[in-house]
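Enquirer: There's a structure below that I have some questions on.
The values are calculated or read from the model by the stated rules, or taken from the named source; none is laboratory data. This is a predicted model, so every value here is computed, not measured. Reconstructed Cβ throughout: ideal geometry from the backbone, glycine too, with neighbour counts over all protein chains shown. Heads up: the accessible areas ignore ligands, DNA and RNA and are worked out on the full protein's heavy atoms, side chains in. Shrake-Rupley method; radii C 1.70, N 1.55, O 1.52, S 1.80 Å.
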Amino acid sequence: MNRCPRRCPSPLGLAARSFYQLVTGSLSPDSVEDEFELSTVCHRPEGLEQLQEQTKFTRKELQVLYRGFKNECPSGIVNEENFKQIYSQFFPQGDSSTYATFLFNAFDTNHDGSVSFEDFVAGLSVILRGTIDDRLNWAFNLYDLNKDGCITKEEMLDIMKSIYDMMGKYTYPALREEAPREHVESFFQKMDRNKDGVVTIEEFIESCQKDENIMRSMRLFDNVI
Amino acid sequence: MAAGVATWLPFARAAAVGWLPLAQQPLPPAPGVKASRGDEVLVVNVSGRRFETWKNTLDRYPDTLLGSSEKEFFYNAESGEYFFDRDPDMFRHVLNFYRTGRLHCPRQECIQAFDEELAFYGLVPELIGDCCLEEYRDRKKENAERLAEDEEAEQAGDGPALPAGSSLRQRLWRAFENPHTSTTALVFYYVTGFFIAVSVIANVVETIPCRGTPARRPPREQPCGDRFPNAFFCMDTACVLIFTGEYLLRLFAAPSRCRFLRSVMSLIDIVAILPYYIGLFVSKKDDVSGAFVTLRVFRVFRIFKFSRHSQGLRILGYTLKSCASELGFLLFSLTMAIIIFATVMFYAEKGTSKTNFTSIPAAFWYTIVTMTTLGYGDMVPSTIAGKIFGSICSLSGVLVIALPVPVIVSNFSRIYHQNQRADKRRAQQKVRLARIRLAKSGTTNAFLQYKQNGGLEDNSSGEEQALCVRNRSAFEQQHHHLLHCLEKTTCHEFTDELTFSEALGTISLGRRTSRSTSVSSQPVGPGSMLSSCCPRRTKRRAIRLANSTASVSRGSMQELETLAGLQHSSAPQSRSSLNAKPHDSLDLNCDSRDFVAAIISIPTPPANTPDESQPSSPGSAGRAGNTLRNSNLGTPCLLPETVKISSL
C-alpha cells in the first residue's frame with residue numbers, strides 16, 4: 001500500500017500541524033527573512049561607451065543620470081512599487097499610482113518587471129533627444145496598454161482616468177464622472193480618421209503632426225536634462 | 001521634499017510627454033532655468049577639514065542651508081570654497097544626510113550640540129532616521145527633564161508670579177492649589193490638616209469604652225461618646241464648620257465651578273460634612289435613629305481628605321483605577337472558585353446533623369476563609385468527603401490567590417509604562433504626520449500661491465512679477481511647470497479644500513437655478529471667465545451670454561447669498577466674495593452646456609458681458625489680480641471667450 005507522500009497531508013495532519021504551529025507561535029510565515037534575499041540582487045549596467053552608442057546622451061549626461069539613479073536605487077533596478085512611490089511624490093494631491101503603472105510598463109521594454117538603468121536611459125533618450133516621430137511613437141506605446149498596435153477606447157479611458165486621478169479631489173472646476181469619457185471622445189474624434197473605433201499608429205502620428213499645439217509642445221521638454 | 005526627489009524630477013518632467021497628445025490646451029512654456037554648468041565638485045571647508053561633494057548632492061534639499069543660495073554667504077572667493085566655522089565632526093553627519101537621505105544621530109555627542117548644528121544647517125530633527133530617532137528623543141527628553149528639575153529647585157522659594165491685576169478669586173484659588181505660595185495659605189493648609197486628623201481621632205475615640213459615672217452602681221462601661229456627648233458634639237461641630245467654610249471658599253474660588261463640583265475631591269468633601277447636617281435636621285427619634293447612626297459611618301470618609309495633602313494617596317488611587325480590569329478579573333475568578341467549592345462542600349456535608357453548612361451561601365464563608373488560608377475554625381467539615389474537598393479547597397486557594405497577584409503587579413507596572421510610552425509615541429506620531437501633511441500641503445500651497453501671485457502670466461512682463469515668484473528655486477519652478485502641464489492637459493485646476501467645498505456648495509444650486517431661469521440662458525456671473533476647450537462653440541455661447549445676463553446674474557447672486565432655498569428674489573448687486581459661479585460641466589463634447597469659471601471679488605454690473613465680437617485679451621482678464629483664486633490661463637493661446645472682468 002502506498003504511503004501517502006508528504007506533499008499531500010491528510011486533513012488531520014494539517015490540523016495537527018497548524019495546531020502545533022499555533023502553540024509554538026510560528027503560525028505566521030516568515031516574510032522578513034525572505035525579503036533580505038531579494039534586496040541583495042544587484043544589477044550593473046553596460047559600459048558607458050555602449051550606452052553612449054545606444055542613446056543620444058553625452059557622456060557627462062549619462063554620468064549625472066547614473067549617479068542619481070544609483071543613489072536612489074543602489075540595487076540598480078527599480079521595481080514597480082518604488083516607481084509608484086517616487087512618482088507619487090510629485091503629485092501629492094491626487095493618486096498617481098495607476099498612471100505610474102502605465103509609465104512603468106512603458107519604460108520596462110522587456111517586460112521583466114523591473115526598470116534597469118538601460119531601460120531608464122533608453123526611454124529618456126527617446127523622449128528628450130529623439131525626433132518628433134520617435135516621441136509620438138513612445139507616447140503611442142504608452143497609451144497602447146496591451147501593446148497590440150492600436151489604441152481602443154477602453155485603453156484610452158483607462159489612461160485618461162489615471163491622469164484625472166492625479167488631479168485629486170480638490171480641483172476647480174470639480175471633476176465630474178464623465179470628464180474622462182468626454183475627453184476620450186474628443187480625442188477619438190480628433191485622431192480616429194477612419195472612424196473604426198481604434199486609433200492606429202499611423203493615424204495617431206498623422207493627426208498629431210497636423211496639430212500645431214502638440215507639435216509646439218513637443219519642444220518643451222528638450223532641455224529637461 | 002523627501003529624499004532624492006530632486007533627482008527624479010527630470011524624469012517626471014520627461015514623462016509628461018505622455019500627456020502631450022491628450023492635452024486640449026497648449027502647455028505652458030518651460031521655465032527658463034539657466035542650464036546647469038554640468039556637475040561640479042564643491043569644496044566645503046568646515047574649520048579646516050575639507051569636504052568635497054557634487055553640487056547635485058547638495059541641491060537635493062533646497063530648503064536647507066547647503067541646498068539653497070544661503071550658502072553663498074559663506075563662499076570664500078579667494079580659496080573658492082565654502083567656509084563654515086563649525087564643528088567638523090558634526091558636519092560629517094549633516095553631509096551624510098545629503099548623500100544618503102538619512103540623518104543619523106551620533107551617540108557620543110551631546111544632544112544639545114547636535115540640535116544646534118541641525119538648526120544652523122536648516123535641518124529639522126524630524127529628518128532623523130528611524131534607526132536613531134528613539135534614542136534621540138529619549139536623550140532629549142532626559143535632558144529637558146533634568147534642566148526642568150534644576151529650574152524648579154531654583155525656584156523653590158518663590159512660586160509662579162501672579163499677574164498684577166488678579167482678582168481675589170484667582171488669588172484664593174492659587175492659595176488653595178499651591179499652599180507654599182504664601183504664609184496664610186500654608187497656615188490654612190496645616191490647620192485643615194490638623195482638623196481632619198482631630199476629626200478622625202475623635203471618631204475613633206468616641207467608641208472607646210470609658211469608665212462609667214461613679215454615681216451608678218455597678219459602674220457601667222459606656223463609650224466615651226455617650227459619656228461626654230457635649231464635648232464630642234462641640235468638637236464635631238467645630239470640625240464641620242471648618243470643613244464647610246473651606247468647601248465654600250473653594251467653591252467660590254474655583255475657576256470652573258461645574259468642573260469643581262464634579263471633581264472627586266469635592267465629592268469627598270460633601271460626603272464628609274453632609275452626615276452632620278443631616279443629623280442636625282433629623283431629630284433623635286427612634287425610627288430614624290438607626291439610619292442616623294449609619295450616617296455616622298460616613299464620617300470616616302474624612303480621612304480621604306488627606307489625599308489633598310498627600311501625593312502618595314493620589315497616586316495610589318490612580319493606580320487602582322488604572323488596574324481595575326485586572327482586579328476585576330481576580331475578583332471574578334475568585335468568585336467562581338468560591339461558588340464551586342461552596343457547592344461541593346455543602347453537598348458533601350449535607351448528610352451530617354448539626355452541621356454548620358446550612359446552605360451554600362453559608363458555605364461561602366468557609367470557602368473564603370479556607371482559600372485565603374485564614375482558617376478561623378468556626379466551620380469545619382466532619383465527613384471524610386468534606387475533609388478531602390476541604391483540603392483541595394485550601395490547596396487551590398493558595399494557587400488562586402497567589403497567582404494573580406504578581407500578574408496584577410507586573411501588569412500594572414507594564415501597563416503604566418506602556419501607557420506612558422504609547423502616549424508619547426502617539427503625540428510624536430501626530431506631530432510627524434502633521435509635518436508630513438504640512439510638507440505635502442506645502443508643496444501644493446506653494447503651487448497655489450505661485451498661481452495666485454500671477455506667476456502664470458506671460459513671462460514677457462517679467463519685471464512686474466512678484467518677487468516671491470521670481471525667488472523660487474529652479475526645482476520649484478520646474479515642479480510647478482510640471483503641475484501646470486497637468487492642469488492644462490485635463491482642463492482642470494488644482495485648488496485647495498476650502499475653495500473646493502465652496503464651489504461644491506454653489507454648484508448644486510447653480511444647476512437648479514440655471515434651469516429655472518431660461519432654457520437657453522447660460523449662467524454667467526459678474527466677471528465670469530469662460531475658458532473652454534472647444535473653440536468652435538464659444539462664439540455662440542457668448543451671444544447667449546449677452547442676452548441672459550440680467551436674469552442670470554441676479555440668479556447667481558442669489559445663489560451666492562443663500563445656500564438653500566430658491567426664492568428668486570431680486571438680488572442686490574452686492575459684493576460677492578469668492579464663490580465659484582454656478583458653472584456647468586466642462587463639456588468637451590460641445591453640447592449646450594457651458595463651462596464657466598468665475599472667481600470674483602468684485603461684482604460687475606450685468607451689462608458687462610461683452611458681445612461676441614470682442615474677445616478679451618488674456619492680459620486684461622488676467623488683471624483680475626485682486627481675485628484670490630485666479631483661474632486665469634495666461635498663456636498666449638487663450639481662447640477668446642473670456643468675459644472681461646471690470647472693476648467697479
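Enquirer: Could you grab the relative contact order for region B:56-110? Cα pairs under 8 Å, six or more apart, rounded to a whole percent.
Expert: On the way: 34 pairs, mean separation 12.8, N = 55.
The normalised contact order for region B:56-110 reaches 23 percent.
Enquirer: Now for a separate question. Taking θ as phi - 60°, what are the ³J(HN,Hα) couplings along region B:65-77 by the Karplus curve (6.51, -1.76, 1.60), each to the nearest whole Hz, with x for Gly and Pro?
Expert: After applying 6.51 cos²θ - 1.76 cosθ + 1.60, I find 5, 6, x, 10, 6, 5, 5, 5, 5, 9, 6, 9, 5 Hz.
Enquirer: Would you please put B:384-394, B:245-255 in order of how densely packed they are, using the mean number of other Cβ atoms within 10 angstrom per residue and starting with the highest? All intermediate terms of the calculation are to be shown ahead of the outcome.
Expert: Working: B:384-394: 16.4, B:245-255: 14.8.
Descending mean neighbour count gives B:384-394, B:245-255.
Enquirer: Separate question: At what distance in nm do the modelled label points of B:S69 and A:D211 sit from each other, each positioned 7 Å from its Cα along Cα→Cβ?
Expert: A separation of 3.8 nm, rounded to one decimal place.
Enquirer: With a 1.4 Å probe, how much accessible area is buried between chains A and B, both sides summed, in Å² to the nearest hundred?
Expert: Numbers: alone 15210 and 37830 Å², together 47460 Å².
Looking at A and B, the buried total is near 5600 Å².
Enquirer: While we're looking at this one, here's another question. Can you figure out the FRET efficiency of B:K424 with B:F329, using R₀ = 30 Å and their beta-carbon distance, to the nearest 0.05? Don't skip to the answer; put the middle values down first.
Expert: Values: r = 27 Å, r/R0 = 0.91.
E between B:K424 and B:F329, to the nearest 0.05, is 0.65.
Enquirer: What do you get for the angle between helix A:11-24 and the principal long axis of chain A? Use alpha-carbon atoms, 0 to 90 degrees, nearest ten.
Expert: With rounding to tens, the tilt is 90 degrees.
Enquirer: Stick to the Cα atoms of region A:132-224, pair each with every other, and give me the Kirkwood hydrodynamic radius in Å at one decimal. Don't skip to the answer; put the middle values down first.
Expert: Values: mean 1/r = 0.0702 Å⁻¹.
When all Cα pairs of region A:132-224 are included, the Kirkwood radius is 14.2 Å.
Enquirer: List, largest first, the extents of the alpha carbons of region A:58-102 along their principal axes, each in whole Å.
Expert: That gives 36, 19, 17 Å along the principal axes, largest extent first.
Enquirer: So for region A:98-225, taking the charge dipole from beta-carbon charges (+1 Lys/Arg, -1 Asp/Glu), which of A:I163, A:F104, A:F204 sits furthest toward the positive end?
Expert: Of the candidates, A:I163 comes out farthest on the positive side.
Enquirer: B:T53 to B:C110: FRET efficiency via 1/(1 + (r/R0)^6), r the Cβ-Cβ distance, R0 30 Å, to the nearest 0.05? Mind dumping the intermediate values first?
Expert: Working: r = 26 Å, r/R0 = 0.87.
Result of the calculation: an efficiency of 0.70.
Enquirer: Next question, about the same structure. Take peptide B:485-494, look around each residue's Cβ out to 10 angstrom, count Cβ atoms belonging to other protein chains, and average those counts.
Expert: Details: counts 3, 9, 3, 2, 7, 10, 4, 10, 5, 8.
What the average comes to for B:485-494 is 6.
Enquirer: Measure out, as a whole number of angstrom, how far apart the alpha-carbon centroids of region B:248-277 and region B:340-398 sit.
Expert: Result: 47 Å between the Cα centres.
Enquirer: Quick one: dipole size for chain A, taken about the Cα centre, charges +1 on Lys/Arg Cβ and -1 on Asp/Glu Cβ, in debye to the nearest 20. Write out the running numbers ahead of the final one.
Expert: Working: 25 positive and 37 negative charges, 94 e Å.
Result for chain A is approximately 460 debye, rounded to the nearest 20.
Enquirer: Please label the shape of chain A as rounded, prolate or oblate, based on the square roots a ≥ b ≥ c of the eigenvalues of the alpha-carbon gyration tensor (a/c under 1.5 means rounded; beyond that, a/b larger than b/c means prolate, else oblate). Before the final figure, lay out each step's value.
Expert: Values: a/c = 2.26, a/b = 1.57, b/c = 1.44.
Since a/c reaches 1.5 and a/b is larger than b/c, the shape of chain A is classed as prolate.
Enquirer: Still on this model: Can you compute the charge dipole magnitude of region A:132-224 about its Cα centre, using +1 on each Lys and Arg Cβ and -1 on each Asp and Glu Cβ, nothing else charged? Give it in debye, rounded to the nearest 20. Mind showing how you got there, number by number?
Expert: Numbers: 13 positive and 20 negative charges, 69 e Å.
Taking the Cα centre of region A:132-224 as origin, the dipole is about 340 debye.
Enquirer: In peptide A:91-104, how many Cβ atoms from other protein chains are near each Cβ within 10 Å, on average? Mind dumping the intermediate values first?
Expert: On the way: counts 7, 11, 10, 2, 0, 2, 0, 0, 4, 2, 0, 2, 4, 0.
Counting Cβ atoms of other protein chains within 10 Å of each residue's Cβ and averaging gives 3.
Enquirer: Using only the alpha-carbon atoms, how far is helix A:132-143 inclined from the longest principal axis of chain A? Give it as 0 to 90 degrees, nearest 10.
Expert: 40
Enquirer: Using a 1.4 Å probe on the protein heavy atoms, what percent of the accessible area of chain A belongs to carbon and sulfur? Could the numbers behind the result be given before it?
Expert: Numbers: 6540 of 12380 Å².
After summing per-atom areas, the C and S share lands at 53 percent.
Enquirer: Right, next: With the contact rule set at Cα under 8 Å and sequence spacing of 6 or more, what percent relative contact order holds for region A:132-224?
Expert: On the way: 66 pairs, mean separation 28.9, N = 93.
Here the relative contact order equals 31 percent.
Enquirer: Let me ask another. If I take R0 = 60 Å and measure r between the Cβ atoms of A:H111 and B:S256 in this structure, what FRET efficiency does the formula 1/(1 + (r/R0)^6) give, to the nearest 0.05?
Expert: On the way: r = 69 Å, r/R0 = 1.14.
E between A:H111 and B:S256, to the nearest 0.05, is 0.30.
Enquirer: Another question, if that's okay. Set Lys and Arg Cβ to +1 and Asp and Glu Cβ to -1, take the dipole of region A:86-225 about its Cα centre, and tell me which of A:F120, A:Q189, A:F90 lies farthest positive.
Expert: Looking along the dipole axis, the top candidate is A:F90.
Enquirer: Moving to a separate point now. For chain A, what is the accessible area per residue in Å², given a 1.4 Å probe and the full set of protein chains? Write down the numbers at each step before the final one.
Expert: Values: 12380 Å² over 225 residues.
Averaged over the residues of chain A, the accessible area is 55 Å².
Enquirer: Counting only other chains, and only Cβ atoms inside 10 Å, what mean value do you get across the residues of A:180-190? Intermediate results must be reported in sequence, preceding the final value.
Expert: Values: counts 1, 2, 8, 10, 2, 3, 8, 4, 0, 3, 2.
Going residue by residue through A:180-190 and averaging, the value is 4.
Enquirer: Between B:I392 and B:T184, what is the spin-label point distance in nm, taking each point 7 Å from the Cα along the Cα→C-beta axis?
Expert: Output for this residue pair reads 7.1 nm.
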